[in-house]
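One structure is given below, encoded as C-alpha cells.
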Amino acid sequence: MSKKRRKLWRYSAGDRGSTVEVFERAPGGMLYARVWDPKKRKQVRVGLHHKDQERAKQYARDEAAKLQSGRSQLLTGALSLGTLIDLYLEHRTPKKKSAKTRGEDERRGRMWKTLLGERTHANDITIVDWEAFVPKRRSGEIDAHGRPVALKKRIVVGDAAIAHDGKFLRTVYYWGMRWRTPTGMLVAFNPFGAPAPGVKSLFELPKNPTPKRPIVSDERYERVRAVAHKVLMQARSQKSATAVQVSTMPRRNNKSMTRSPVRRWMERSYLLELLDLHWETGRRRGAILDLRYNDLVWESGRIVAIRWRPVKHAEETETVVVSSKARAAIERVIAQRPGIGSLPLFPAFRDRTSPMSSKTADEWLLEAEELAKLDPQEGGLWHPYRRAWATKRKHNPDVDVARAGGWKDIATMKRSYQLFDDLTIRNVVENPMRLEERKIRNP
C-alpha cells in the first residue's frame, strides 16, 4: 500500500482583496508568498528565502495590512531592508577573507536593521536617514549596534568608523542592484548612489581633514630592532636550542589573587624577522604573516624572490625580488624552523599549520617599543613602517614602487603612504631645472 503524500503547508492572512498567502512548494522546502495583482491580472509570487512557518505567518499578516495602504512589497517589488541585508550577509559576506571583516559586516547589518527598521521597505530609505544617523553616531548617542546610550556613558566616535558604516550600507544596495532573482533585481536603485550620470550624490562620507599618518624613522626602527631579540614567547620544547628558563608573571584572573613569578621555558619571538621583512618589503603585516615556504622562489640554491599571494587590496599573485637584508631574515627563519610546502614561516603556537595571529605580532611590537623606551606612535603600529618604505622610494617610478610594495591603486599609495619630507622639499627649492631659450626655426 502506497504511503499517503504529505499535504503542503499554506497560510492566508487579510480580507478579500488584500489577501496574502504564504506556502511551500515542496514538503519541508523553502517558503513563498503570493498575492493577486489586479493591474497585471495574475498572481505575483516571491520567495521568502527561509523555512520558518511562524515567521512566514507574521510576514503574511504584515503584508496584508500594507496592501490596504498600497505599500505591500509584493506588489511594488521592493524588498524590506532586513531581507536585503540578510541576503547580503548570506551570499556576499562569507566570501570575504578576513574574519574581522565578516564580523564587522554582521555587526553593521544588525545596527542598520535596528536603526532603520528591519521591515522598512528598502526603497523607502533616503539620504535623510543617513544625515540623521551621522550626528547621533558621532556624539555617541547610539552605539555600534544602534542602541541608545546614556548621556554619561557616551563616547565620541571618529569619522573613519562612521564612514565604514556608511560604506557598508551603500555596498549592500549596489550588490542588490546586481543580484538577480526570478522576479528581477533585489532593488532598482541605490539611494546613496549618484541620482543620474554626471550628477554628484548627496551622500557624503565624513572625512578627517587632518588624518594621523605617522612614519617610522630609521633611528626608531634601529632602536626597536636592537631590542627585538629580548621579546620572548613560550618555548615549544625545552630541548629547543634557543629555549631558556625565565621568571614571568602569570596572567591575572582575579583581582584579589596574589601573583608571584613563575619559572617558564621561553625562547626568542619571531619579531626580529617580522621587523626586517616589514622594513625591507613594504608589505602589509597580514601578507608577511601569511607567507608559506612554497612562496619562496629559489634559484641556484638561493632565495631570489617572494611570491606574494592575493591579500587585502591585491587581486593577483605578485612575484617580487628580495633585497639582501630580506633574504638574510628569511634564511634565519629557515635555519630556526625548517619547513616545506604550505607550512607558514611564522606559525601559530598551538597549530604549526596555521599562521600566527596579528594580535600576537602587535603585542610583540608594543613590548619592543617599551623596551626601547619609545612612546607609541598615535595613529598606527605597523603601517608607519610601510609608510616609511614607500616614502623612502618616492624618487622611483610610481608603477614600480606600487608593484614592489603591493599597492593596487597608485593614487592611494601617493595620498596615504608617500609623505613629504624636509630633505625632498629642500631639494625642490634649491635645485630647480635650468630653462633654455626656445629657438624658432624658419620654415
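A few remarks follow.
- In this structure, Arg110 qualifies as assigned by TED's automatic domain parsing to the domain that holds Phe203, closer than 22 Å to Asp62 by Cα and either assigned to a helix (DSSP H, G or I) or of a type in the set (A, V, I, L, M) (or both).
- Trp364 being hydrophobic (A, V, I, L, M, F, W, C), more than 30 Å from Ala411 (Cα to Cα) and surrounded by 13 or more Cβ atoms within 10 Å (Cβ to Cβ): yes
- Options Asp52, Asp86, Asp37, Asp62: the member that is at pLDDT below 80 and acidic (Asp, Glu): Asp37
- Unmet criterion (only one of (1) at pLDDT below 90; (2) within 30 Å of Lys373 (Cα to Cα); (3) out of contact with any helix residue (DSSP H, G or I) (no Cβ under 7 Å at 6 or more places or on another chain); (4) not hydrophobic (A, V, I, L, M, F, W, C)) for Lys200: (2)
- Candidates Arg110, Arg92, Arg147, Arg170, filtered to the one that is more than 20 Å from the chain's Cα centre (by Cα) and either closer than 30 Å to Glu21 by Cβ or basic (Lys, Arg) (or both): Arg147
- Residue in the stretch 100-107 that is among the hydroxyl-bearing types (Ser, Thr, Tyr) and exposed (fewer than 14 other Cβ atoms within 10 Å of the Cβ) present: yes
- Every pair of residues 6+ apart whose Cβ atoms lie under 6 Å, when the first sits in the stretch 406-419 and is touching a residue at least 60 places away in the same chain (Cβ under 8 Å) while the second is crowded, with 16+ Cβ neighbours inside 10 Å and assigned to a loop (DSSP other than H, G, I, E, B): Gly406/Arg283; Gly406/Ala314; Lys408/Ala314; Leu419/Ile215
- Pair list, Cβ under 8 Å, 6 or more apart: the stretch 299-312 residue touching a residue at least 40 places away in the same chain (Cβ under 8 Å) and under 18 Å from Leu345 (Cβ atoms), other residue of a type in the set (Lys, Arg) and surrounded by 14 or more Cβ atoms within 10 Å (Cβ to Cβ): Trp308/Arg283; Val311/Arg284
- Index of the failed condition, Pro355 passing every other in (1) in contact with a strand residue (DSSP E or B) (Cβ under 8 Å, 6 or more places away or on another chain); (2) exposed (fewer than 13 other Cβ atoms within 10 Å of the Cβ); (3) not β-branched (Val, Ile, Thr): (2)
- Contacts under 8 angstrom Cβ, first residue in the stretch 133-144 being part of a helix (DSSP H, G or I), partner of a type in the set (S, T, N, Q) and at pLDDT 95 or above, 6 or more apart: none
- Hits in the stretch 337-368 (condition: out of contact with any Asp or Glu (no Cβ under 8 Å at 6 or more places or on another chain) and outside any loop (DSSP other than H, G, I, E, B)): Pro347, Ser358, Lys359, Thr360, Ala361, Asp362, Glu363, Trp364, Leu365, Leu366, Glu367, Ala368
- Residue check for Asp398: charged (D, E, K, R), modelled with pLDDT of 75 or more and out of contact with any helix residue (DSSP H, G or I) (no Cβ under 6 Å at 6 or more places or on another chain): no
The values are calculated or read from the model by the stated rules, or taken from the named source; none is laboratory data. Bear in mind the structure is a predicted one, so any value in this text is a computation, not a measurement. Positions of Cβ are generated from backbone atoms using ideal geometry, with glycine treated the same way; all protein chains shown enter the neighbour counts.
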